[in-house]
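Each remark here refers to the structure printed beneath this line.
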Amino acid sequence: MSAVPYTVRNAEVVVIGSGLAGLTTALNLIHHHSPAAPVTLLTKTADLPGGSSPYAQGGIAAAIGPGDRPEDHAADTVSAGAGFVDAARAQVLAQEGAERVRALLDAGLPFDRDADGAPLLGREAAHGAARIVHAGGDATGRTLVAALADQVRAAPSIRVETNAFAVDLAVRGGRVCGVLARHPDGWVFHRTARVVLATGGIGAAFARTTNPAEATGDGLVLAARAGATLADVEFVQFHPTALAVDADPAPLLTEALRGAGALLLDRHGERFMAHEHPLAELAPRDVVARAIGARIAAGEPVYLDLRPALAAKPEGFPTVLALCAEHGLDPWTDPVPVAPAAHYHMGGVVTDLSGRTNVEGLWACGETACTGVHGANRLASNSLLEALVFGARVARDVAERSLPTLAPFALPQPPAIAGGAGAALLNAITADSRATLYQAAGLVRDGATLRSARQRLDRLAVALDRLRGDVGGGCAADAESVRRWGEARNRLLVGRLVVHAALARTESRGAHFRSDFPLEDPAAQRHRFTLNDLAGNAEATLEDAACSIL
């Protein structure tokens, strides 16, 4: 047994993540479990909620307006996904999504409504109808998850563990049997046969992102190390209009602005999107992002003129106005500078319609999962909808699925991790890996740059090994040191997975654009793989890795 504080706790179900997907799953689970068998919710954040959900400005897409149908919403979803959306699953998303949004409206959640109480519906890029429901104007995510977080805190059968960093899943004989996590007061092994991954996306693995610092791909790599199948990992959506200021994360300017009339302008103050796509500012995100990115790469700034949107909805964008004011910008007077930033991951852990992975006892939902509804390019405002629909589906399946009792097994030992002495190297590895991934796997990719990035990330992974070692007796490193090491480790593996998948896709499709393969290949298929398929750089050594970083 470990010499450091090490506790074993039994749990019926462990949910990892406190964004919309995790909160939805936990709340739906309590309808199936008594207070004597609580749901454990682990979050590495200091409080609920966490993840990217509170940052979601655009809203929730749902076909609930007059004349709109789930079939039309599903068709728009398929069209945006560049040929890789599972049409049947898109229909499930649209149909059940409309039902869930109506249920939330009926429950009195604070959605924006007109004088008669009907929901106000907005329109965003690539949607054929106005079907975006908002709450608090452009504060939809924050408003919704705050309400759900209050419900989770009040639920006696949900045990919330904050500042708890999940380091690894324990898998024996192809079955999940627990989660090793570092808590503020020591290491804890949560022994359970049911784990739900709802940790969000991978944006913080990139140097420029709209995602919060905690979006380090934890669930993706937990699943990968456990043997789960991954898919569509190369498809990373860059939001076209992050505020171009010196801030990490980059402040997001919601797509709803362009839906309300905001215009993209070049350095001469002229519109340019009409020359790029018939839908102009409402073109699919990948088209808009690359059009902006190409101008910025040529040394030309791009601006977003918010004045038409603000005039149309003077009270509709309080979050955007606050962000601009924070950075000394007045969008009522002048257009503001924008640039693309890593925003949403269409890929993830392969699941079925119930959220099951190929590892028994492991489910995934939200941005961590690859359900097949986003394809190569997510339709705007489908992300919160996916979390609502599949969080509920996962909860139902977890409750209904019968699993054998866990047999006795050897408990995992905590890894040995360097504390403060390794901080400089750890910070350098993190900064290097983020910059490498952003440069190589950003808006425009090519084989030579990706291969160079693969070598660089492999060397960084070797360097990171200096800071840990699996040894009997564990490690007494403080919780913050464990989290910093764990997130650096996860970012590195995320980068290697994205680069591996991007190299394998020798075409351009949706959010994945290869300058050396600029055309779409009609015969191309979705790419599924496991961690065993990830080829390492055999030439990387500890010495050359360390020397190349510091």
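The values are calculated or read from the model by the stated rules, or taken from the named source; none is laboratory data. On a predicted model such as this, the values are computed, not experimentally measured, just so you know. Cβ coordinates were reconstructed from backbone atoms using ideal geometry, including for glycine residues, and neighbour counts include every protein chain displayed.
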Residues of region 104-160 satisfying the condition of being in contact with a Gly (Cβ under 6 Å, 6 or more places away or on another chain) and without any contact (Cβ under 8 Å) to a residue 60 or more places away in the chain: 121, 143
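Conditions (1) free of Cβ contacts under 8 Å to residues at least 24 places away in the same chain; (2) over 17 Å from residue 345 (Cα atoms); (3) in the same structural domain as residue 251 (by TED's automatic domain parsing); (4) touching a strand residue (DSSP E or B) at 6+ places or on another chain (Cβ under 7 Å), marked per residue:
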{"position": "173", "(1), (2), (3), (4)": "yes, yes, no, no"}
{"position": "185", "(1), (2), (3), (4)": "no, yes, no, no"}
{"position": "190", "(1), (2), (3), (4)": "no, yes, no, yes"}
{"position": "194", "(1), (2), (3), (4)": "no, yes, no, yes"}
{"position": "210", "(1), (2), (3), (4)": "no, no, no, yes"}
{"position": "221", "(1), (2), (3), (4)": "no, no, no, no"}
{"position": "229", "(1), (2), (3), (4)": "no, no, no, yes"}
Those residues of region 257-276 which are out of contact with any Leu (no Cβ under 8 Å at 6 or more places or on another chain), hydrophobic (A, V, I, L, M, F, W, C) and not in a helix (DSSP H, G or I), in sequence order: 260
Of residues in region 101-122 being surrounded by fewer than 18 Cβ atoms within 10 Å (Cβ to Cβ) and among the charged types (D, E, K, R), the one farthest from residue 66 (Cα to Cα): 106
Residue in region 52-70 that is assigned to a helix (DSSP H, G or I), in contact with a Pro (Cβ under 8 Å, 6 or more places away or on another chain), touching a residue at least 24 places away in the same chain (Cβ under 8 Å) and under 21 Å from residue 375 (Cβ atoms) present: no
Region 184-219: number of residues that are of a type in the set (S, T, N, Q), assigned to a loop (DSSP other than H, G, I, E, B) and under 29 Å from residue 439 (Cβ atoms): 4
Of residues in region 285-326 being of a type outside the set (A, V, I, L, M, F, W, C) and touching a Phe, Trp or Tyr at 6+ places or on another chain (Cβ under 8 Å), the one modelled with the lowest pLDDT: 285
Residue 431 vs. criteria at pLDDT 95 or above, crowded, with 23+ Cβ neighbours inside 10 Å and assigned to a helix (DSSP H, G or I): no
Which listed residue, of 290, 295, is without any contact (Cβ under 8 Å) to a residue 60 or more places away in the chain and basic (Lys, Arg): 295
Residues within region 111-144 that are over 15 Å from residue 62 (Cα atoms) and in a loop (DSSP other than H, G, I, E, B), tallied: 8
Test: residue in region 528-536 that is part of a helix (DSSP H, G or I), at pLDDT 90 or above and polar (S, T, N, Q): yes
Residues of region 328-346 satisfying the condition of being in contact with a Pro (Cβ under 7 Å, 6 or more places away or on another chain) and more than 12 Å from residue 252 (Cβ to Cβ): 337
First in region 12-34 and farther than 14 Å from residue 363 by Cα and touching a residue at least 24 places away in the same chain (Cβ under 8 Å), second anywhere and among the acidic types (Asp, Glu) and assigned to a helix (DSSP H, G or I), Cβ under 9 Å, 6 or more apart: 19/367; 32/400
